[in-house]
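Heads up, the thing below is written out as structure tokens.
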Amino acid sequence: MLVPILYMLPNKDFVKIVENKDQAIASSSNLMNNLYNQHFPTEGDLDKLEGIYKNSDQTFKLDSSKLSFDLQPGTENYHVLIERKELDDGEIDVSTYVTAQYVGEVNFTKRLLPPAISVDNGMLSLRAPDRQTFEFKQFNIDFTMAQFNNQNSSIHEMSPHFANQIIFIRVPQSLEINRGVSGDRIQII
């Protein structure tokens, strides 16, 4: 009964794919290379880059003159960038970004959850979100139809492209920053 339904499905655009996948991946790869080479973008630059998506924006009231970090396990691939504001407004602004995430031609970047961030007594805690599960299904034409459509009926592998997340923190000008043991993962720009 499902065989006739399979042939009624559209040949193209059954799953929304992005035509600029290669550009998005190249842009996000360039950004990550720049971060590893100590070339840091500003938050405004991140907002303009293709393949880089903001997935959360939070503001916390400052309750201490010093900021320390608690980076929980599971956040090893997060790049933490700290930028000082021009003024002392008593607030910490945190934006999270994720680079292009694809499986095959399917872009699922906007479905990824941002990390959990909290600030309490001068301690910024960063915790990875709970495990997410995505299920991908692929439909293939059987041999009978493939011989008339000149299509190969073999199953095509779905190649994944996974990248990193960026935590961009803007702090007041006079706030003392203690990077502690996570100093190599926290970069002040």
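The values are calculated or read from the model by the stated rules, or taken from the named source; none is laboratory data. These numbers come from a predicted model, not from an experiment. Neighbour counts are summed over all protein chains in view; Cβ atoms, including those assigned to glycine, are modelled from backbone coordinates with ideal geometry. Heads up: the accessible areas ignore ligands, DNA and RNA and are worked out on the full protein's heavy atoms, side chains in. Shrake-Rupley method; radii C 1.70, N 1.55, O 1.52, S 1.80 Å.
Details
- With each label modelled as a point 7 angstrom along the Cα→C-beta vector, the Asp63-Asn20 pair spans 4.2 nm.
- Per residue, the accessible area of the stretch 31-144 comes to 56 Å² when a 1.4 Å probe rolls over the protein heavy atoms.
- For the stretch 40-103: rounded, prolate or oblate by the Cα gyration tensor [a/c cutoff 1.5]: oblate
- Sequence-ordered 3J(HN,Hα) estimates for the stretch 105-114 from the Karplus curve with 6.51, -1.76 and 1.60 and θ = phi - 60° stand at 9, 8, 8, 10, 4, 6, 8, 6, 7, x Hz, glycine and proline given as x.
- For the stretch 83-130, the gyration tensor built on C-alpha atoms gives an oblate shape. Its axis ratio a/c (a ≥ b ≥ c) is at least 1.5, and a/b is not larger than b/c.
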